[in-house]
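Participant: Encoded as structure tokens, here's the structure I'll be asking about.
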Amino acid sequence: MLLTKATKKAGKYVNGKHVDSLLNNYKKERWLQNSKHIGKEDSLSVWYSVEELQEFLETAKQSGADGIKMYFGVYKADTAKEERFEERQTIVMVASKTKVLDNGASADKSVYINTAKGPEILAYNTGRICPPTCGDGTGTGSESGFDWDNMNIIIDSKDDGMILI
């Protein structure tokens, strides 16, 4: 009898309409309030090269991971690689392995690897967040280089009036 490993998938490919809907909802429901709260445009995206993602995925697989969790996070002074990233949101990718619990349910647990300093979580962060690093083609852009043409929705911000973003 030939045994094959079952593939576990949580996501699917989506079309542009789906992406536009998610991004517009995010801008209305979270981004405007986040930006107002921190006093500057919050980030809208994080970019990684295909090569570095492949390297992280390969390392995760070799370390026993069967999935990647993507957590939302916020840079503070101790984690921001540059001052302009402080208070902006990011994502951190954490390698995970599905474990079956005693009650039969499953949970995705973080993968740890051995390092010279002891066990360490297998995680990846510090991509290119936009803003502030977007829009000018160099990867070191400024907020003034942000592509506002892709943000063409109007938000009723109650006491602050109508806002075009």
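The values are calculated or read from the model by the stated rules, or taken from the named source; none is laboratory data. As the structure is a prediction and not an experimental result, all values here were calculated from the model. Backbone-built Cβ (ideal geometry, glycine too); neighbour counts: all protein chains shown. For the accessible areas, the whole protein counts, side chains as well, though only heavy atoms, and no ligand, DNA or RNA atoms are used. Shrake-Rupley method; radii C 1.70, N 1.55, O 1.52, S 1.80 Å.
Participant: Scan the stretch 30-66 for residues that are of a type outside the set (S, T, N, Q) and not in a helix (DSSP H, G or I) and report the count.
Facilitator: First, pick out the residues of the stretch 30-66 that are of a type outside the set (S, T, N, Q): 30-32, 36-42, 44, 46-48, 50-53, 55-58, 60-61, 64-66.
Still in the list and also not in a helix (DSSP H, G or I): 39-42, 44, 46-48, 64-66.
Count: 11.
Participant: OK, next. Going by the structure shown, is A95 without any contact (Cβ under 8 Å) to a residue 40 or more places away in the chain, open to solvent by less than 60 Å² (accessible area, probe 1.4 Å) and of a type outside the set (D, E)?
Facilitator: Working: without any contact (Cβ under 8 Å) to a residue 40 or more places away in the chain: yes; open to solvent by less than 60 Å² (accessible area, probe 1.4 Å): yes; of a type outside the set (D, E): yes.
Answer is yes for this residue.
Participant: Give all pairs with beta carbons closer than 8 Å in which a residue from the stretch 15-29 that is in contact (Cβ under 8 Å) with a residue 40 or more places away in the chain and part of a helix (DSSP H, G or I) meets a residue that is aromatic (F, W, Y) and surrounded by 12 or more Cβ atoms within 10 Å (Cβ to Cβ); count only pairs at least 6 apart in sequence or on separate chains.
Facilitator: none
Participant: Does the stretch 29-36 include one or more residues that are closer than 20 Å to C134 by Cβ, among the basic types (K, R) and crowded, with 16+ Cβ neighbours inside 10 Å?
Facilitator: No, the stretch 29-36 contains no residue that is closer than 20 Å to C134 by Cβ, among the basic types (K, R) and crowded, with 16+ Cβ neighbours inside 10 Å.
Participant: Would you mention how many residues in the stretch 98-112 are open to solvent by 40 Å² or more (accessible area, probe 1.4 Å) and over 27 Å from I129 (Cα atoms)? Spell out the reasoning first.
Facilitator: Going through the stretch 98-112, the residues open to solvent by 40 Å² or more (accessible area, probe 1.4 Å) turn out to be 99-106, 108-110, 112.
Retained after the next criterion (residues that are over 27 Å from I129 (Cα atoms)): 99-106.
Of the residues in the stretch 98-112, 8 are open to solvent by 40 Å² or more (accessible area, probe 1.4 Å) and over 27 Å from I129 (Cα atoms).
Participant: Take the residues in the stretch 67-90 that are assigned to a loop (DSSP other than H, G, I, E, B) and closer than 15 Å to R30 by Cβ, then tell me which one is least open to solvent (accessible area, probe 1.4 Å). Write out each step before concluding.
Facilitator: Of all residues in the stretch 67-90, those assigned to a loop (DSSP other than H, G, I, E, B) come to 75-82, 86-88.
Those left that are additionally closer than 15 Å to R30 by Cβ: 87-88.
Numbers: E87: 67, R88: 2 Å².
Once the filter is applied, the top-ranked residue is R88.
Participant: Return the residue satisfying two criteria in turn: it lies in the stretch 37-66 and is open to solvent by less than 50 Å² (accessible area, probe 1.4 Å) and among the aromatic types (F, W, Y), and of such residues it is farthest from T126 (Cα to Cα).
Facilitator: By that ranking, first place goes to F56.
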